[in-house]
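Each remark here refers to the structure printed beneath this line.
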Amino acid sequence: MDHHACRACRGPAGHLVLDLGEQPACDYFPRWDDARPDPVYPLQMWLCSSCGLAQLLTDPTVPEEPRGAEPAALVAQAADAVDRVARAGLLPPRGVVTEYGSPHGGSWLGLLTQRGLVPSSDGQPADVILDCFGLMHAADQAGALAARAAGLAPGGMLLLQYHCLSTIIRRGQWNALRHGHYAYYSTAALIAMLADAGLRPRTAWRFDLYGGTALLAASRDADGSGEPDEAVRSLLAEDARTGVKDPAVLRGLQHDAWVRARDLHEWLVREASAGRKVVGYGAASRAVALLRLAEVDRGLLPAVVDASPAKQDLRMPGTDIPVVTPAELTVRRPDTVLLFVPDLLAEVRSAFPEVEASGGRWVDVEAHGSGGLEQDA
Ligand SMILES: [Zn+2]
């Protein structure tokens, strides 16, 4: 790729490993009657040949995503994580804490102050710096990590939580690639970045969140030697088994994306030709890349139902598919409701019994593996 320098090590060499084509900013939901073409930008993942950081290649200016309601799974994980870090003795009483938050919300500060930590005031060095899905939102990865390292008090600990690249690869989570998310960390690449910032890993914890999330604790080189512990070595071993630095392995995500998109398109064509009515459920930003990759328009999917009042009178970005209210489930009496939000099946079945009462069914677009929709039809 011309002109791209790694966001971490500034190295110029790397591979384009995933290309989802031209995509709108994921939270750009226009009004349904806005006929102007939506602005689109290339959505591509690049793997650095030097440090191994998987990253967003192009850098469009996108609006900051609003803080939404925190999913229950995130809240529970935060409490679990703080508990495990405390039991490891890494939360000093009356210690100063700085939090680098995610624009999506999910602050741990309340949990940490309950444990006796004190939020830092302007520029005060911190004994604990917490970064929960924050660093990935920085276009300049090296600069952002250096800023965190500079804020550590002597003996301080940086806690970094990230969705593991090995998880993304093993689970085919190509949909994790999003504008505004600049980095997709393997533990191996993150440790190389930490070394450049004068930090080294001490220990780590794993969580089931998003299929596999890690929280890594790192401190200054100067604060003692000591090799990474067994938990860190185990994450590195998993990286090695998965092949997180191998462009050919990451290109598997491209295959996963194409298969998912092709299956969706073909399934919708078959449903339409059989005269069966399909609507979508869940106007989630994660559905946008899939709909565009699958070349789905309102001829194939006439509407996406969403319960959020904020999404009404809008359409799915980059498509002509309108977002409609749940009342349409009764009006349209669909044969199938295609669910775009994972893990919500039980909830929507109970919230909208009218779908099955009138002979319709729910299909989770992600719960089915590749070919799943095919078997289902
Ligand atoms: Zn690099």
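Please treat every number below as a calculation from the coordinates, not as lab data. Predicted, not measured: the structure shown is a model, and the values here were computed from it. Quick reminder, even Gly has a Cβ in these numbers, built from the backbone with ideal geometry, and neighbours come from all protein chains shown.
Is it the case that region 146-163 has a residue that's more than 16 Å from the chain's Cα centre (by Cα), within 16 Å of the ligand (Cβ to nearest atom) and not basic (Lys, Arg)? Yes: region 146-163 contains one or more residues that are more than 16 Å from the chain's Cα centre (by Cα), within 16 Å of the ligand (Cβ to nearest atom) and not basic (Lys, Arg). Among the candidates Leu314, Leu344, Leu300, the residue that is over 20 Å from the mean Cα position of the chain (by Cα), under 27 Å from His179 (Cα atoms) and in contact (Cβ under 8 Å) with a residue 60 or more places away in the chain is uniquely Leu314.
When restricted to residues that are assigned to a strand (DSSP E or B), within 18 Å of Arg361 (Cα to Cα) and among the aliphatic types (A, V, I, L, M), region 294-344 contains 5. For region 79-119, which residues satisfy the criterion of being assigned to a strand (DSSP E or B) and in contact (Cβ under 8 Å) with a residue 40 or more places away in the chain? Answer for region 79-119, where residues must be assigned to a strand (DSSP E or B) and in contact (Cβ under 8 Å) with a residue 40 or more places away in the chain: Val96, Thr98, Tyr100. Look at region 1-28: where a residue is over 26 Å from Gly143 (Cα atoms) and a partner is more than 16 Å from the ligand (Cβ to nearest atom) and of a type in the set (Lys, Arg), sitting 6+ places away or on another chain with Cβ atoms under 7 Å, you get Gly21/Arg292; Gln23/Arg292. Looking at region 167-283, the helices (runs of 4 or more DSSP H) lying wholly inside it that each contain 1 or more residues that are farther than 21 Å from Asp131 by Cα sit at 230-242, 247-250, 252-273. Does region 119-128 contain any residue that is among the aliphatic types (A, V, I, L, M) and within 20 Å of Arg200 (Cα to Cα)? Checked region 119-128: at least one residue is among the aliphatic types (A, V, I, L, M) and within 20 Å of Arg200 (Cα to Cα). On the given criteria, is Tyr162 without any contact (Cβ under 8 Å) to a residue 60 or more places away in the chain and of a type in the set (Phe, Trp, Tyr)? The answer is yes for Tyr162.
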